[in-house]
Amino acid sequence: MSTTTLTETRGAGQSGDKIFSGATLAAGCLILAVLFSVAVFLLVQALPVASADPAEITGGAGFTTYIFPIVIGTIVAAAIALLIATPLGIGVALFISHYAPRRFAQGFGYVIDLLAAIPSVVYGAWGYAVLAPELAKGYAWLAENLGWIPIFEGPASQTGRTMLTAGIVLAVMVLPIITSLSREIFLQTPNLHEEAALAMGATRWEMIRMAVLPFARPGIISAAMLGLGRALGETMAVALVLSGGALSASLIASGNQTIAAEIALNFPEAFGLRLSELIAAGLVLFVITLAVNMVARWIITRHKEFSGAN
Amino acid sequence: MSKRIDVKDLNVYYSKFLAVEGVNIEIKPRSVTAFIGPSGCGKSTFLRTLNRMHEVIPGARVEGEVLLDGDNLYDQNVDPVTVRSQIGMVFQRPNPFPTMSIRDNVLAGVKLNNKRISKSDADNLVEKSLSGANLWNEVKDRLDRPGSGLSGGQQQRLCIARAIAVSPEVILMDEPCSALDPISTLAIEDLINELKNDYTVVIVTHNMQQAARVSDKTAFFNIAGTGKPGKLIEYGETATIFSKPSVKATEDYVSGRFG
């Protein structure tokens, strides 16, 4: 008698549960399937490059020689962007979350978020038409006075369309990503820990260093990685701003190229082996992004015990 | 290392709302004073005015004076940061820094005041503070482990160790045992009894037995109704407050007739 109440089930509730778990499973599988098919597409299309005669590859010295300079260019552009945008983004986010008057902070946050909505071609046009000519004056000064440092070696570009300009434009583009994510994390710092720091006689900045930044560390890394992902893959802005060329250590002379811009600029006219080359370049970019994300994961999990999540 | 507190005609406001009205109280050094009263009567708010922690909430302000050995905490040229470094606080829920090891948690306050401390001095201070909080034997083999891995009672004692590491003049405790089990509560109460040899301790508690067990003097706070300010109703020797209080409301509260 009494066991029947236990074996009875609520029909509607159970099927709802099944549908929901099925839907989430499908969504998860779909993402993996898309990622997998992109990887397969890149591999299959890039295959001819592996078997091609090195002399037939652009540059005439094999694929490695072709891809190496633009890999370096990609990493340098993204690194400049992150070096500028990460500290700036953290600063802006802290200002919004902990320093600005509340009413002002909200509006300010919206404006920053708006930056993320501007199309990259607009950033590219702005970098090309406004920023580059302005920076060109500074570059001339740098080449003259700090030219002994390899990255500022002359002759400085007259147009300002250099690696450093591209990096700065990318920094402006990734700034809203880093700022928004960091701000959300900073706001989630437990009040308890902020008060613990303040009650010990910490100033506002000491409280932030003691309670807010350590708590937000994994979030800041994730934000920077998302920003890096955008900077690595950004095509249009770099293609417009950078006057590309051979690999060069100087960031203020014309030259250098990134993978994404190289693909975009050459894709329309490419066919046959050249097309395979560009797709292979895309594969390399894919692998770089993957590697960067794995390193970020590793950094985050290394400090798991001290994350406060336990 | 322990100072007296004199509060004169203190009103506490949150913007325009008067939260606590007209408190006058004298707290002797090296004693334990308990604040009791129903929820919302302003005892926690008042406690936080004793180290200016209420100012963390926007719009909070006070009228009146809080004197620490005669020096007004609310004098114009007094920095709240200095006040808080001399008057330690332990919170309702244990709040060790989760991103720091046990050792770093103890040293957190010291490093704020005095950036350079030699390793041997630091080791001694960590041992002294943790012993002072009756925690040393339990954690001495895992000082570099995260503080958040400890039990609730151990975390709260770690917070007390962190507070006493800076040798404060006064220690404020805001319901320090309300999130703890009876065994951990007993450990904290024993500790409070030892702390009063060196410090002025002020404790807010919801637990009247606890007030009776640990305190020398007890202050009873009450409100006339919601939206009305909290007031200090009666303040005296703990034994007197619990046996023959002079105010009817106090008697009703301590005998369990309300609250």
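The values are calculated or read from the model by the stated rules, or taken from the named source; none is laboratory data. The shown structure was predicted, so the numbers you read here are calculated from the model rather than taken from an experiment. Heads up, the Cβs are rebuilt from the backbone with ideal geometry, glycines too, and the neighbour counts pull from every protein chain shown.
Confirm whether B:Asp121 is within 14 Å of chain A (Cβ to nearest Cβ) and either basic (Lys, Arg) or not in a loop (DSSP other than H, G, I, E, B) (or both).
In short, no.
Here's the yes/no breakdown for (1) of a type in the set (D, E, K, R); (2) within 22 Å of A:Leu226 (Cα to Cα); (3) within 16 Å of the chain's Cα centre (by Cα):
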{"residue": "A:Ser248", "(1), (2), (3)": "no, no, no"}
{"residue": "A:Ile252", "(1), (2), (3)": "no, no, no"}
{"residue": "A:Thr258", "(1), (2), (3)": "no, yes, yes"}
{"residue": "A:Asn266", "(1), (2), (3)": "no, no, no"}
{"residue": "A:Gly272", "(1), (2), (3)": "no, no, no"}
{"residue": "A:Ser276", "(1), (2), (3)": "no, no, no"}
{"residue": "A:Leu283", "(1), (2), (3)": "no, yes, no"}
{"residue": "A:Ile288", "(1), (2), (3)": "no, yes, yes"}
{"residue": "A:Ala291", "(1), (2), (3)": "no, yes, yes"}
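Please find, among B:Arg103, B:Arg30, B:Arg93, B:Arg52, the residue that is closer than 20 Å to A:Arg209 by Cα, among the basic types (Lys, Arg) and surrounded by 14 or more Cβ atoms within 10 Å (Cβ to Cβ).
Going through B:Arg103, B:Arg30, B:Arg93, B:Arg52 in turn, just one is closer than 20 Å to A:Arg209 by Cα, among the basic types (Lys, Arg) and surrounded by 14 or more Cβ atoms within 10 Å (Cβ to Cβ): B:Arg103.
When you scan region B:50-84, how many residues do you find that are out of contact with any helix residue (DSSP H, G or I) (no Cβ under 7 Å at 6 or more places or on another chain), away from chain A (no Cβ under 13 Å) and either part of a strand (DSSP E or B) or under 20 Å from B:Arg4 (Cβ atoms) (or both)?
Result for region B:50-84: 12.
Quick test of your reading of the structure: B:Tyr13 fulfils all but one of (1) closer than 16 Å to B:Val170 by Cβ; (2) among the aromatic types (Phe, Trp, Tyr); (3) part of a strand (DSSP E or B). Name the failing condition by number.
Single failed check for B:Tyr13: (1).
Out of A:Ala291, A:Ala270, which single residue is more than 14 Å from chain B (Cβ to nearest Cβ), of a type in the set (A, V, I, L, M) and within 24 Å of A:Ile177 (Cα to Cα)?
When all the criteria are applied, what remains is A:Ala291.
Which residues, taken from region B:108-118, are surrounded by fewer than 17 Cβ atoms within 10 Å (Cβ to Cβ) and either of a type in the set (A, V, I, L, M) or part of a strand (DSSP E or B) (or both)?
B:Ile117
Please report, ordered by residue number, the helices (runs of 4 or more DSSP H) entirely within region A:159-219 with at least 3 residues that are of a type outside the set (Ser, Thr, Tyr), more than 14 Å from chain B (Cβ to nearest Cβ) and in contact with a Gly (Cβ under 6 Å, 6 or more places away or on another chain).
Of the helices (runs of 4 or more DSSP H) lying wholly inside region A:159-219, those with at least 3 residues that are of a type outside the set (Ser, Thr, Tyr), more than 14 Å from chain B (Cβ to nearest Cβ) and in contact with a Gly (Cβ under 6 Å, 6 or more places away or on another chain) span A:163-187.
Are any residues in region B:166-183 in contact with a Gly (Cβ under 6 Å, 6 or more places away or on another chain) and more than 10 Å from B:Pro94 (Cβ to Cβ), and if so, which ones?
If the condition is that a residue be in contact with a Gly (Cβ under 6 Å, 6 or more places away or on another chain) and more than 10 Å from B:Pro94 (Cβ to Cβ), then B:Val166, B:Pro168, B:Ile171 are the ones that fit.
Given the conditions (1) crowded, with 16+ Cβ neighbours inside 10 Å; (2) out of contact with any strand residue (DSSP E or B) (no Cβ under 8 Å at 6 or more places or on another chain); (3) modelled with pLDDT of 90 or more; (4) part of a loop (DSSP other than H, G, I, E, B), which single one is not true for B:Ala179?
If we test B:Ala179 against (1) crowded, with 16+ Cβ neighbours inside 10 Å; (2) out of contact with any strand residue (DSSP E or B) (no Cβ under 8 Å at 6 or more places or on another chain); (3) modelled with pLDDT of 90 or more; (4) part of a loop (DSSP other than H, G, I, E, B), just (3) comes out false.
Quickly run through region A:240-253 and pick out the residues that are part of a helix (DSSP H, G or I) and β-branched (Val, Ile, Thr).
Within region A:240-253, just A:Val241 meets the criteria.
Answer with yes or no whether B:Asn105 is within 10 Å of chain A (Cβ to nearest Cβ) and either part of a strand (DSSP E or B) or in contact (Cβ under 8 Å) with a residue 60 or more places away in the chain (or both).
no
Any residue in region A:40-56 that is more than 12 Å from A:Leu273 (Cβ to Cβ) and touching a residue at least 12 places away in the same chain (Cβ under 8 Å) sitting within a Cβ distance under 8 Å of a residue that is surrounded by 14 or more Cβ atoms within 10 Å (Cβ to Cβ) and of a type in the set (D, E, K, R)? List the pairs, counting only those 6 or more apart or interchain.
Partner pairs satisfying both residue conditions: none exist.
A quick yes/no check of all residues on (1) assigned to a helix (DSSP H, G or I); (2) modelled with pLDDT under 85; (3) of a type in the set (Asp, Glu):
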| site | (1), (2), (3) |
| --- | --- |
| A:Gly227 | yes, no, no |
| A:Val238 | yes, no, no |
| A:Gly255 | no, yes, no |
| A:Ala260 | yes, no, no |
| A:Leu278 | yes, no, no |
| A:Ala281 | yes, no, no |
| A:Glu305 | yes, yes, yes |
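Just one of the numbered conditions (1) surrounded by 21 or more Cβ atoms within 10 Å (Cβ to Cβ); (2) in a helix (DSSP H, G or I) is not true of A:Arg103; which one?
Just one mismatch for A:Arg103, condition (1).
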